[in-house]
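Report on the following structure.
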Amino acid sequence: MYNGKRKVKKKNKRHISDRGEKERSEKVMTQPKKHELLSLAVIALVVAISVAPLTAEMSSSGSHHRKATALKMDEAFLTVNNELGDEVVVSWMSEHCYQCLYQHLGVVPAGPAAGVPSSVDFTVSTQHGITLQLNSSPITLELCTVPFHFGERGNYSLWVKNLNDSSVVNCSMVTDADPVNSYIPILIAFLLFAGLAIVSAIAGTILRLDVVKNILFRLGSSMETERLINSELGSPGRIVEPVTDSILPPPPTPSKRLRSLDTFRGLSLVIMVFVNYGGGRYWFFRHESWNGLTVADLVFPWFVFIMGTSIALSVNSLLRGGSTRCSLLWKTVWRSLQLFIIGVLVINPNYCQGPLSWDNLRIPGVLQRLAWSYLVVACLDLLVARARLDILPMDAWWYPGGEILLYWPAWLVVLLLESIWLCFTFLLPVPGCPTGYLGPGGIGDMGLYANCTGGAAGFIDRWLLGEKHIYQTPSSRVIYATRMPYDPEGVLGSINSILMAFLGLQAGKIILHYKDLHSKIMSRFLIWGLVLGIISAVLTKCSRDQGFIPVNKNLWSLTYVTTLACFAYVVLVLVYYTVDVKKWWTGAPFYYPGMNSILVYVGHEVFEEYFPFRWRMANSQSHAEHLTQNLLATSCWVLISFLLYRKKIFWKI
């Protein structure tokens, strides 16, 4: 929401606004000019993608006395017309803002005469529905409230007048010019991707036909023979190496790797790269301001979850291979330290401005959170993991719950850590804030706790790390207008990220205990998803803001973990069934970034501002152009990961 400039209108009835009555009848509106194809990018094995941007531009009409208002993305034009005898104070509040104070928008003066309105123009936000409050001045009496969801770049008029010459005030909203449909670029991108996926699937099916394979094999053989002849003529005596037919699948490797896990990891990573690059500047591809979930809030916990699953499989494989627990413990510590150092360097890119300064060095971050979670969960698994699971008695009474009972010491540690999180969150006294506060501060909770952002979690970070060493622009600023620094990857939330990784570890234990028993694996995944979903439903009361513990990414609340773990188990069932059980899907293109996740994540952060990942746009206020740029940048990293996969280049720490 933005405060519009006050434009007091002329008192002459024939000149209601500065634009003139003629301009008003023409109803100046924002319209998309034309759609232009920007770029084409090749993605992994699946052909190419292209996005046709719908570059929306403002069109201006009317007299030369008034310039067209330059609306930005997610903005609309509102004219408030006041026919009352008193001036009207206009305030607003986002419907996404829980228990918030109204924010001042502007003042509309009294009409110059009976039946002659005065008008003021404002710019309003279109991301979420808002409620307009109109009060009379100077007695501050509420006249009316108008809930409305404005459309992007639409023109609207709000008329405030007495109803039938009585004292009853009527407020009515009129649409002067229809908004543009800013979601068309998403539809076009979806159709393109879906079409390419269908074409790829059809092509793959055709290539798997025996007739086609024989034809390709013969063509390949004849081409190879011709190449060898030409080669021999050019350089006599050259030794020709045997050539492997590229059409045939490679020989099976000794160790069987679940493609579904790398596919799920890659899916999470691709979405993470897309939203980090901007997500087309759509609000649902950005992190939620406080409570609730958007697409951007899903991927990091899923990445942590799959990391836990991989820990279980990796530790079991290494122990069976003869590695000692002490050597694995040293590797775990060293790997975690590397992740932490890389994370600190990635999120503090001051290379062009000079050396890093300790004064404002941010300490927490995504890779740092991964390092901490990996260290704790891997150490716990090293303490309780069993190298040989095939010798367990399948007829024992405890065997159906063996994936839990055999590792009860690790479960006790995790439950103890969760108890610590609950105690600190709900019992730690925070100066100037209510005990157990989970709100965003700012204008939330009627502005009573403006400096209490994050409650105990924010207090611990500011006390332990210092205000200048944590994130300075949290997402809570967008709607709740918070002023306090707050880090969503802070210290207290790291406890729940350990829980998330441990729930992923549990998925790995299920895979190990019921190896190749697909129905048992999937049924247990679904049971875990159901149990975690019930826990979330009870703790949140199936609401966004009114539960005992709301789903909150900034806090990494307990319900955030249980909800996202529930989703992770369900998605893992689907991917596992389609990729590893039925083999309907190879996992492409997500499989390739999943195999090189650290390189893709670090690379997309370091090279974010470089071409072809970013360029100067013709219209920076176009969702379509932003979406094109972000999709192309994400596609480039998928292509890079595919090429690295073909070259067998993997960055592992």
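The values are calculated or read from the model by the stated rules, or taken from the named source; none is laboratory data. The model shown is predicted, which means the values in this text are computed figures rather than measured ones. Virtual Cβ from ideal backbone geometry, glycine too; neighbours counted across all protein chains shown. For the accessible areas, the whole protein counts, side chains as well, though only heavy atoms, and no ligand, DNA or RNA atoms are used. Shrake-Rupley method; radii C 1.70, N 1.55, O 1.52, S 1.80 Å.
Worth pointing out:
- When Pro550 is tested against (1) in contact with a strand residue (DSSP E or B) (Cβ under 7 Å, 6 or more places away or on another chain); (2) buried (at least 24 other Cβ atoms within 10 Å of the Cβ), exactly one condition is not met: (2).
- Verdict on Met272 being of a type outside the set (S, T, N, Q) and at pLDDT below 90: no
- Subset of the range 438-453 (residues that are free of Cβ contacts under 8 Å to residues at least 60 places away in the same chain, open to solvent by 20 Å² or more (accessible area, probe 1.4 Å) and in contact with a Phe, Trp or Tyr (Cβ under 8 Å, 6 or more places away or on another chain)): Tyr449
- Any hit, the range 474-488, residues being assigned to a loop (DSSP other than H, G, I, E, B), at pLDDT below 95 and farther than 16 Å from Gly442 by Cα: yes
- Residue pairs whose Cβ atoms lie under 7 Å apart, separated by 6 or more positions or on different chains, with the first residue in the range 600-624 and among the aliphatic types (A, V, I, L, M) and the second in a loop (DSSP other than H, G, I, E, B), are Ala624/Pro53.
- Scope the range 195-218; condition among the polar types (S, T, N, Q), open to solvent by 70 Å² or more (accessible area, probe 1.4 Å) and closer than 17 Å to Thr578 by Cβ; matching residues: Thr205
- Between Thr563, Thr586, the distinction of being of a type in the set (Val, Ile, Thr), in contact (Cβ under 8 Å) with a residue 60 or more places away in the chain and under 25 Å from Phe285 (Cβ atoms) belongs to Thr563 only.
- Within the range 113-144, the residues that satisfy the criterion of being farther than 16 Å from Asn155 by Cβ, over 31 Å from the mean Cα position of the chain (by Cα) and hydroxyl-bearing (Ser, Thr, Tyr) are Ser118, Ser136, Ser137, Thr140.
- Leading residue by the ranking (farthest from the chain's Cα centre (by Cα)) among those in the range 454-498 that are closer than 24 Å to Phe303 by Cα and open to solvent by 40 Å² or more (accessible area, probe 1.4 Å): Val491
- Some residue of the range 291-307 being surrounded by 11 or more Cβ atoms within 10 Å (Cβ to Cβ), modelled with pLDDT under 90 and among the polar types (S, T, N, Q): no
- From the list Pro431, Pro393, Pro409, Pro400, the lone residue that is at pLDDT 90 or above, open to solvent by 30 Å² or more (accessible area, probe 1.4 Å) and more than 30 Å from Trp463 (Cα to Cα) is Pro409.
This table checks each residue for (1) open to solvent by less than 30 Å² (accessible area, probe 1.4 Å); (2) among the aromatic types (Phe, Trp, Tyr).
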{"site": "Tyr601", "(1), (2)": "yes, yes"}
{"site": "His604", "(1), (2)": "yes, no"}
{"site": "Phe613", "(1), (2)": "yes, yes"}
{"site": "Ala618", "(1), (2)": "no, no"}
{"site": "Leu627", "(1), (2)": "yes, no"}
{"site": "Ser635", "(1), (2)": "yes, no"}
{"site": "Leu643", "(1), (2)": "no, no"}
{"site": "Arg646", "(1), (2)": "no, no"}
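- Subset of the range 559-596 [closer than 23 Å to Ile495 by Cα and surrounded by 23 or more Cβ atoms within 10 Å (Cβ to Cβ)]: Thr559, Tyr560, Val561, Thr562, Thr563, Leu564, Ala565, Ala568, Tyr569
- Looking only at residues of the range 174-217 that are over 31 Å from the mean Cα position of the chain (by Cα) and part of a loop (DSSP other than H, G, I, E, B), we find that the one that is modelled with the highest pLDDT is Leu209.
- Residue in the range 524-534 that is surrounded by fewer than 22 Cβ atoms within 10 Å (Cβ to Cβ), out of contact with any His (no Cβ under 7 Å at 6 or more places or on another chain) and part of a loop (DSSP other than H, G, I, E, B) present: no
- Residues within the range 70-93 that are under 30 Å from Tyr282 (Cα atoms), in a strand (DSSP E or B) and either open to solvent by 10 Å² or more (accessible area, probe 1.4 Å) or of a type outside the set (Ser, Thr, Tyr) (or both), tallied: 9
- Within the range 97-120, the set of residues being open to solvent by less than 40 Å² (accessible area, probe 1.4 Å) and over 18 Å from Thr140 (Cβ atoms) comprises Cys97, Cys100, Gly111, Val116, Pro117, Ser118, Ser119, Val120.
- Residue in the range 452-472 that is basic (Lys, Arg) and part of a helix (DSSP H, G or I) present: yes
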